[in-house]
Amino acid sequence: MFHKHQESVPAMAEISHRLGGRSWVVDSQAAGQTMGWVGREVAAWHADLQGMATHFPHWVLVGGNGSRAAACACGGPLVPQSGGLCCVLCGRVGKANGLLWMGQLPVLARPEPSFTVRREALLRAGFQETIVGGLAYLLVPLVVVYPSEWPTVEPFVCYAPSWLRALELPEYNAGYHLVGGGRACLFGWGQWRPMSVAAVLQQRMVNHVVSLLKIAAGISPTQAFIGRVDH
Amino acid sequence: MNDLFARVRPVVGNALDACQVAVVGCSAAAQLVEYLVACGVRRWLVMEGNEWVAALAAKLADRYGPMLTLQWTTTTSVEELAAADLAVGVDAAESIGQLPTTLPRMLIRRPENSPTHSRSIQALVALPGEGFPLCKDAGAKPIPICAANDWDWLTATPLLARLARAILLRGTSYGMATWEEGWFAGIRAYSIGTLHDPTAVLWDRQMHAQNIDAPIYRTPRLSQGTLLIVGLGSLGSVAAERLAPWVKRIILVDPDSVEPVNLIRQAYSYQEIGKPKATALAQSLMASHLGLACVPLVASLRDEGEVADLVSRYGVTAALVTTGTVADFAITRALRALAVPHVVGRCYPRGRFWEGIVVDGAAGSSYEQMRRGVVAGPLPPPTPEEALSYGAVGDLVGEPATAMETGWAALWLARLTAQMIVPVTLREGWLLARLAADATCFIGGVGVEQGVKLGTEQETEEDTEEDRAGVAYGIRVPGQIHAWSSAQINT
């Protein structure tokens, strides 16, 4: 998909993001000032913006420091808009080391009675769920952190440590495909091929979340991640 | 972690600790001994009068200090060597031939001593109860090599050592599948480098005579230019040692310090533990190469600006990048933009394959263009240690692999880099042909594994079902190196 560098890429339609009642147009130039790959990999950049707008419209792109969203002094997140990384709340320009997508992934709550306790723990910890068609969906908060060499290198997809704690899951365990700091191991060594962030979420992260919920419901890791751990 | 063999045990276990290996022949055998020592072989039988043994023993004592004790037993007759678990001879056909067939024997012949006039380095194996396979004498006068260097032997020795290790480990839980299957099929002869192509290897039931009708050119060593080496681990440090005679100055970049577990695969010694790798290597290289200048930089290179500054400040004329990290991309973008020829290398898990992407300055495909298309082959099953680590926080110290695998990779990366240091007119034909075809992604494999058959691989009538299923990276014989083009990779 991204094998060839394209020197001239057709301009794409503006993409707007919304957060807390405010909206803004994602500024590519501002994004490129934070992460150099945006200017080198224009096709990948457009594919990500479009893909996320289509499949994950409630997710937003923010400035980040590691796997944490960078914050303005007023506490607001910094987003690429109007020529810089600007605070959503007060408009001041800030700085960040990189860019990350943040949002929630809706995943069916497990039906086992053993999972009820976990679901209640998540609600007590402040995590949300929604009911659609009579079915309960957990809203799993995630961040997708862009590496400096995107899309040649895979992204970091991380759970909120407090979400893992609420489910009594560790931040690092090889058997759970968690590699530390709540980061999910989604690709075996050398398996990564350039793909969009939306594709990573759809093809890999959904399965990872479902597998962790199985473990939280009492299923063994080898059963939860069938075919991924070869003993 | 103070266990010298922490990164080796998952691959060879403790099976080699009790083995005794007999070595006969010339000083060229010393390198084989070093590789086997690095896998745990401690007991050695040698013939009296081999002066190289004392020098080697001193070198190994200096390298490993009190962390490793070797046992050297000197014999006065060939017959006494029969007490060993394996006898290895380098250009020592007569001595090896006198040994009883009860023990496994391995005879290595270098081209200058080949009765078949082969330009290959050959290894003949006789398992217990067997004689050596017959080799037909070519009869004609051999043609000399023009402008020799020692890369052929250097890049062959890790493979030969690996064959010796396979013989020692046969039938154990650490047996090497590719070789065991080969021996079962009758393979007893192994030839490294064929005619004009040092990347090719052959194996067969016996050696065949070769008729050489043209001299073979090898690049002479001219000691020129400034070489940048980024990453001084198992690949970079070993490559630096072999590239030192080829350049006037080396810039050595690495942020880490020497640890005990590094000694077994990297070019550092016991006294250097705790020192920054860049500093330790710079000092040792300057001490052993008169006139060489080294500039150590204890740092990580992370962006193009830093690299451009280095290139400009020191007049870098070629580079070897072996960080094995994402930093390789930024470093190579800068080198490419400045038209600096460079080689980027890394090993795949457990050193089963190595990859070296050659970028001839601004010509041909870039590292990024090549790297994106290479798909990893099937992963090996986990070692017992890796399987245990899945249940809890793992404590594996780095990727398990021996000096044979990483050393082979390092020497080939050095060989490719040496070609990039010299002017185009002095480069060897096998590389010029690959550069012309933009086949600059070299992948070498120590074993044969199942993989995806590429659309560009031609099927022949001789292909077995296994052939049609595909082998990883086109590697059909242990030690084979295949050069892939951008068009093939990105198909």
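Worth a mention:
- Every residue from region B:359-376 that is touching a His at 6+ places or on another chain (Cβ under 8 Å) and assigned to a strand (DSSP E or B): B:Val359
- Listed by position, the strands (runs of 3 or more DSSP E) contained in region B:12-85 that have at least 2 residues being at pLDDT 95 or above, crowded, with 16+ Cβ neighbours inside 10 Å and not aliphatic (A, V, I, L, M) are B:43-47.
- For region B:327-335, the criterion of being crowded, with 17+ Cβ neighbours inside 10 Å, among the basic types (Lys, Arg) and closer than 20 Å to B:Gln419 by Cβ is met by none of the residues.
- Of all residues in region B:269-294, those satisfying the criterion of being part of a loop (DSSP other than H, G, I, E, B) and under 23 Å from the mean Cα position of the chain (by Cα) are B:Ser269, B:His289.
- Check on B:Ala38, farther than 26 Å from B:Gly171 by Cα and among the small types (Gly, Ala, Ser): no
- Residue selected from region B:35-64 under the condition closer than 18 Å to B:Arg7 by Cβ and touching a residue at least 40 places away in the same chain (Cβ under 8 Å), by the criterion nearest to the chain's Cα centre (by Cα): B:Tyr35
- You will find that of B:Leu320, B:Leu301, the residue that is crowded, with 22+ Cβ neighbours inside 10 Å, in contact with a Ser or Thr (Cβ under 9 Å, 6 or more places away or on another chain), at pLDDT below 95 and not basic (Lys, Arg) is B:Leu301 and no other.
- Top-ranked residue in region A:203-227 [being free of Cβ contacts under 8 Å to residues at least 12 places away in the same chain and not in a loop (DSSP other than H, G, I, E, B); ranked as nearest to the other protein chains (Cβ to nearest Cβ)]: A:Gln223
- Residue count, region B:188-235 (criterion: among the polar types (S, T, N, Q) and at pLDDT below 80): 3
- Evaluation of B:Asp256 against the conditions (1) touching a residue at least 60 places away in the same chain (Cβ under 8 Å); (2) out of contact with any Ser or Thr (no Cβ under 8 Å at 6 or more places or on another chain) shows that the sole unmet condition is (1).
- Residue selected from region B:341-361 under the condition crowded, with 21+ Cβ neighbours inside 10 Å and free of Cβ contacts under 8 Å to residues at least 60 places away in the same chain, by the criterion farthest from B:Ala472 (Cα to Cα): B:Val344
- Considering region A:133-165, and only residues there that are over 13 Å from the mean Cα position of the chain (by Cα) and within 14 Å of A:Arg183 (Cβ to Cβ), the residue that is nearest to the other protein chains (Cβ to nearest Cβ) turns out to be A:Val153.
- Test: residue in region A:107-122 that is touching a residue at least 24 places away in the same chain (Cβ under 8 Å), more than 14 Å from chain B (Cβ to nearest Cβ), part of a loop (DSSP other than H, G, I, E, B) and buried (at least 17 other Cβ atoms within 10 Å of the Cβ): yes
- Tally of residues being modelled with pLDDT of 95 or more, in contact with a helix residue (DSSP H, G or I) (Cβ under 8 Å, 6 or more places away or on another chain) and under 23 Å from A:Trp37 (Cα atoms) across region A:153-183: 2
- Positions within region B:86-103 being over 17 Å from B:Gln122 (Cβ atoms) and at pLDDT 95 or above, in sequence order: B:Leu86
- Matching residues, region A:7-18, being in contact (Cβ under 8 Å) with a residue 24 or more places away in the chain and assigned to a loop (DSSP other than H, G, I, E, B): A:Val9, A:Met12, A:Ile15
- The number of residues in region A:19-38 being farther than 25 Å from A:Gln104 by Cβ, touching a residue at least 60 places away in the same chain (Cβ under 8 Å) and assigned to a helix (DSSP H, G or I) comes to 1.
- Taking residues in region B:194-217 that are more than 16 Å from B:Asp152 (Cβ to Cβ) and part of a loop (DSSP other than H, G, I, E, B), and partners anywhere that are modelled with pLDDT of 90 or more and among the basic types (Lys, Arg), the pairs with Cβ atoms closer than 6 Å and at least 6 places apart or on different chains are B:Arg205/B:Arg188.
- Scan of region A:39-51 for residues that are in contact (Cβ under 8 Å) with a residue 12 or more places away in the chain and not aromatic (Phe, Trp, Tyr), ordered by number: A:Arg40, A:Glu41, A:Val42, A:Ala43, A:Ala44, A:His46, A:Ala47, A:Asp48, A:Leu49, A:Gln50, A:Gly51
- Qualifying residue in region A:185-193 (condition: closer than 28 Å to A:Leu99 by Cβ and away from chain B (no Cβ under 14 Å)): yes
- Selection count, region A:182-193, where residues are crowded, with 19+ Cβ neighbours inside 10 Å and part of a loop (DSSP other than H, G, I, E, B): 2
- Residues of region A:145-172 that are in contact (Cβ under 8 Å) with a residue 60 or more places away in the chain and in contact with a Leu (Cβ under 8 Å, 6 or more places away or on another chain): A:Val145, A:Tyr146, A:Cys158.
- Looking only at region A:166-176, and only at residues there that are more than 9 Å from every other protein chain (Cβ to nearest Cβ) and part of a loop (DSSP other than H, G, I, E, B), the one that is nearest to A:Asn65 (Cα to Cα): A:Glu171
- Sole residue being within 11 Å of chain B (Cβ to nearest Cβ) and either under 30 Å from B:Tyr367 (Cβ atoms) or loosely packed, with under 15 Cβ neighbours inside 10 Å (or both), chosen from A:Val200, A:Val179: A:Val179
- Residues in region B:333-367 that are within 12 Å of chain A (Cβ to nearest Cβ), over 21 Å from the mean Cα position of the chain (by Cα) and within 18 Å of B:Ala414 (Cα to Cα): B:Tyr367 alone.
The values are calculated or read from the model by the stated rules, or taken from the named source; none is laboratory data. Quantities reported herein were computed from a predicted structural model and do not represent experimental measurements. Cβ: placed from backbone, ideal geometry, glycine included. Neighbour counts: every protein chain shown.
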